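Report on the following structure.
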Amino acid sequence: MRDYTRAVWAIIAKDATVEWRTKTAFLSAMVFAILVLSILFFARDPTAVSALDIAPGALWVTFTFAAMVGLNRAFLLERENNAMEGLLLTPVPRTAIFVGKMGGNLLFVALVELVSVPLFVLFYNVSLTERLPELMLVTAMATLAFVSVGTLLSAMVVRTRFAELMLPVLLLPFLIPPVVGAVQVTARILAGRPLSEMMGWLKLLAAFDIAFVVLSVLLFEATLDE
Amino acid sequence: MKPLLDAHGVSRRFGYRKIFNDISLSLGRGEVLALVGPNGAGKTTLLRVLAGLLKPTTGTVERHGTVGLVAHHSMGYDALTARENLAFAARLWGISDGDRIDHLLEQIGLAKWGEMRSANFSRGMTQRLAIARALIHDPDILLLDEPLNSLDEPGTQVVLDVIEELAGRDRALAVVTHQFERMASVATSVGYLVGGTLVGPEPVDGRAAEAVSQKYRSLLASA
């Protein structure tokens, strides 16, 4: 078990170091986040639609598509210099490789979300101080769902010629259920509704988390077959 | 003595395209097998099958020990330094001995460039790093795919020394090469992969490189 954990951490640390050195995915994701948040804000008619009405959708469109940049890069990094073969030659269990890559993606997406939230507050003039724990909870749950399935699909498409185009096409249908749930919960959080009103959606998100994580871990090995 | 690597009736296809057929070979301790063959003969594919990266279409491959592979690509990360690349590989192999990395960097002549990102390496330096990476866990079986590519004369000598040293420590090695004359001093056997079949392996003790080249040319002519 210690070897498993060590391998997972080694992969997360390696991915974080590579991203820290290059910053390509993070900067792209942040530019994208700023663009989406600002365009959606200025595109509405302020006399007809309040900022609060579109805020939940804007937040989750930003999170989802900014995360896609990182997910796209996840296994392209392993394709560079055939690094994936270097991983496969080691005694590290295949599931540890997946969990490590997923951990790296979660770290990346969490960082993008962390930087996007203040921008979101700034643009949409929402107060999150009182409901921050709830927002963090729903963000963590939805992020886990789409990062797990995104990591799996990233591994699946990396060997195709148009990996960067294929990933969004395959991933977006899987994102609809968790992101719809996240938008619903976020809307209620921003409207100041009680937590009890959101329990149904939160349970649904928890079910997606369990299903997506378990299936992704189990199916990862199949993506490595020739 | 039980061989470290044993392949029986191995064949490999990609779709309908046959790469090689019914190959059997074994690698014992201290053995250095040189694999020669023309471009596209399937030498790299055979090495990948022996390493376990590809499944054979038919046949079996048994490995009795850890495997290291030096392939055409470095299997490293450009954004990491040479030392970080080796440290990452070491962690995956469960090796915590930091001296091992220093020793390998010294052995392959990269000690001065250990802190340089591998993106800035020349092809020869990248090749040296790939060799160090394959050696990080001191493998029982080392498979090398054209390891002398891109290497200058001192680099070539370093690789030949590494091969000799590993064979002296009872490791088993298979080396794909187009430069048998450079490998003649360290190879103990030679196999000719021509037309999808393996001729040999046969011992090369005391045989001049020229004799191997002659046989190789005649096999190519009759293929």
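Can you tell me how many residues within the range B:68-115 are part of a loop (DSSP other than H, G, I, E, B) and either under 23 Å from A:Arg79 (Cβ atoms) or at the interface with chain A (Cβ under 8 Å from one of its Cβ atoms) (or both)? Don't jump to the end; show me each part of the working.
We begin by selecting, within the range B:68-115, every residue part of a loop (DSSP other than H, G, I, E, B); these are B:71-80, B:93-97, B:108-110, B:114-115.
The next check asks that each one be either under 23 Å from A:Arg79 (Cβ atoms) or at the interface with chain A (Cβ under 8 Å from one of its Cβ atoms) (or both); those that pass are B:71-80, B:93-94.
Going through the range B:68-115 one residue at a time, the tally reaches 12.
Tally up the residues in the range A:80-116 that are in contact (Cβ under 8 Å) with a residue 40 or more places away in the chain and more than 10 Å from every other protein chain (Cβ to nearest Cβ), please.
Qualifying residue count, the range A:80-116: 19.
Looking only at the range B:1-21, filter to residues that are not aromatic (Phe, Trp, Tyr) and not in a strand (DSSP E or B); which one of those is nearest to B:Ala172 (Cα to Cα)?
Taking the range B:1-21 first, the residues not aromatic (Phe, Trp, Tyr) are B:1-13, B:15, B:17-19, B:21.
Subsequent filtering for residues that are not in a strand (DSSP E or B) retains B:1-4, B:15.
Numbers: B:Met1: 13, B:Lys2: 12, B:Pro3: 9, B:Leu4: 7, B:Gly15: 31 Å.
The qualifying residue nearest to B:Ala172 (Cα to Cα) is B:Leu4.
Quick check on my filter: what residues within the range B:46-74 are of a type in the set (Val, Ile, Thr) and closer than 10 Å to B:Asp145 by Cβ?
Once the filter is applied, which keeps residues that are of a type in the set (Val, Ile, Thr) and closer than 10 Å to B:Asp145 by Cβ, the range B:46-74 yields only B:Val70.
Each row is one residue, and each column tells you yes or no for (1) in contact with a Lys or Arg (Cβ under 6 Å, 6 or more places away or on another chain); (2) touching a residue at least 60 places away in the same chain (Cβ under 8 Å); (3) closer than 17 Å to A:Phe146 by Cα; (4) away from chain B (no Cβ under 11 Å).
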| residue | (1), (2), (3), (4) |
| --- | --- |
| A:Lys23 | no, no, no, no |
| A:Ala29 | no, yes, yes, yes |
| A:Phe32 | no, no, no, yes |
| A:Ile39 | no, no, no, yes |
| A:Ser50 | no, no, no, yes |
| A:Thr62 | no, no, yes, yes |
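Note down all Cβ pairs under 6 Å where the first residue falls in the range B:168-181 and is free of Cβ contacts under 8 Å to residues at least 40 places away in the same chain, the second is part of a loop (DSSP other than H, G, I, E, B), and they're at least six residues apart or on different chains.
Partner pairs satisfying both residue conditions: B:Gln179/B:Leu148.
Failed condition for B:Lys18, given (1) more than 16 Å from the chain's Cα centre (by Cα); (2) within 14 Å of chain A (Cβ to nearest Cβ); (3) not hydroxyl-bearing (Ser, Thr, Tyr), with all others met?
(2) is the only condition that B:Lys18 fails.
Among the residues of the range B:163-171, is any at pLDDT 80 or above, assigned to a loop (DSSP other than H, G, I, E, B) and surrounded by fewer than 19 Cβ atoms within 10 Å (Cβ to Cβ)? Before the answer, list the steps.
Of the range B:163-171, the ones at pLDDT 80 or above are B:163-171.
Now restrict to residues that are assigned to a loop (DSSP other than H, G, I, E, B): B:169-171.
From what's left, surrounded by fewer than 19 Cβ atoms within 10 Å (Cβ to Cβ): B:169-170.
Checked against the condition, which is being at pLDDT 80 or above, assigned to a loop (DSSP other than H, G, I, E, B) and surrounded by fewer than 19 Cβ atoms within 10 Å (Cβ to Cβ), the range B:163-171 yields at least one hit.
Within the range B:204-221, work out how many residues are modelled with pLDDT under 80 and either not in a helix (DSSP H, G or I) or not aliphatic (A, V, I, L, M) (or both). Break it down into steps so the answer makes sense when it comes.
Filtering the range B:204-221 down to residues modelled with pLDDT under 80 leaves B:205-221.
Retained after the next criterion (residues that are either not in a helix (DSSP H, G or I) or not aliphatic (A, V, I, L, M) (or both)): B:205-208, B:210, B:213-218.
Number of matching residues: 11.
Taking only the range A:177-201 into account, find how many residues are among the hydrophobic types (A, V, I, L, M, F, W, C) and surrounded by fewer than 17 Cβ atoms within 10 Å (Cβ to Cβ).
Initial filter on the range A:177-201 (among the hydrophobic types (A, V, I, L, M, F, W, C)): A:179-180, A:182-183, A:185, A:187, A:189-191, A:195, A:198-199, A:201.
Next cut, surrounded by fewer than 17 Cβ atoms within 10 Å (Cβ to Cβ) only: A:180, A:191, A:195, A:199.
Final tally of qualifying residues: 4.
Kindly provide the set of residues from the range B:27-60 that are free of Cβ contacts under 8 Å to residues at least 60 places away in the same chain, β-branched (Val, Ile, Thr) and within 14 Å of chain A (Cβ to nearest Cβ), ordered by number.
Kept after step one, since they are free of Cβ contacts under 8 Å to residues at least 60 places away in the same chain, are these residues of the range B:27-60: B:39-40, B:45, B:48-49, B:52-60.
Of the ones still in play, those that are also β-branched (Val, Ile, Thr) are B:45, B:49, B:57-58, B:60.
Within the range B:27-60, B:Thr45, B:Val49, B:Thr57 meet the criteria.
Taking the residues in the range A:3-21 that are more than 9 Å from every other protein chain (Cβ to nearest Cβ) and not hydroxyl-bearing (Ser, Thr, Tyr) as candidates, determine which candidate is surrounded by the fewest Cβ atoms within 10 Å (Cβ to Cβ).
Going through the range A:3-21, the residues more than 9 Å from every other protein chain (Cβ to nearest Cβ) turn out to be A:4-5, A:8, A:12, A:15-16.
Within this subset, residues satisfying the condition of being not hydroxyl-bearing (Ser, Thr, Tyr) are A:8, A:12, A:15-16.
Details: A:Val8: 22, A:Ile12: 19, A:Asp15: 23, A:Ala16: 15.
In this case the residue turns out to be A:Ala16.
Could you check the range A:208-226 and list, in sequence order, the residues that are within 14 Å of another protein chain (Cβ to nearest Cβ) and either surrounded by 13 or more Cβ atoms within 10 Å (Cβ to Cβ) or assigned to a helix (DSSP H, G or I) (or both)?
So the first thing to find is which residues in the range A:208-226 are within 14 Å of another protein chain (Cβ to nearest Cβ), and the list is A:221-222, A:224-226.
A:Glu221, A:Ala222, A:Leu224, listed by residue number.
Applying the selection to the range A:149-206, what residues are outside any helix (DSSP H, G or I) and touching a residue at least 60 places away in the same chain (Cβ under 8 Å)? Please lay out each step first, then the result.
Filtering the range A:149-206 down to residues outside any helix (DSSP H, G or I) leaves A:158-162, A:191-194.
Listed by number, the residues that qualify are A:Val158, A:Arg159, A:Ala191, A:Gly192.
Could you check how many residues of the range A:34-58 are in contact with a Phe, Trp or Tyr (Cβ under 8 Å, 6 or more places away or on another chain) and among the small types (Gly, Ala, Ser)?
Looking only at that region, the number is 4.
Those residues that are part of a loop (DSSP other than H, G, I, E, B), surrounded by fewer than 21 Cβ atoms within 10 Å (Cβ to Cβ) and either within 14 Å of chain A (Cβ to nearest Cβ) or among the hydrophobic types (A, V, I, L, M, F, W, C) (or both), I need them from the range B:116-137; list them, please. Spell out the reasoning first.
First, the residues of the range B:116-137 that are part of a loop (DSSP other than H, G, I, E, B): B:116, B:121-122, B:136-137.
Remaining after also requiring surrounded by fewer than 21 Cβ atoms within 10 Å (Cβ to Cβ): B:116, B:121-122, B:137.
Those that are part of a loop (DSSP other than H, G, I, E, B), surrounded by fewer than 21 Cβ atoms within 10 Å (Cβ to Cβ) and either within 14 Å of chain A (Cβ to nearest Cβ) or among the hydrophobic types (A, V, I, L, M, F, W, C) (or both): B:Met116, B:Phe121, B:His137.
The values are calculated or read from the model by the stated rules, or taken from the named source; none is laboratory data. Worth saying up front: this structure is predicted, and the values here are computed from it rather than measured. A quick note on method: Cβ atoms are made from the backbone with ideal geometry, for glycine too, and the neighbour counts reach across all protein chains shown.
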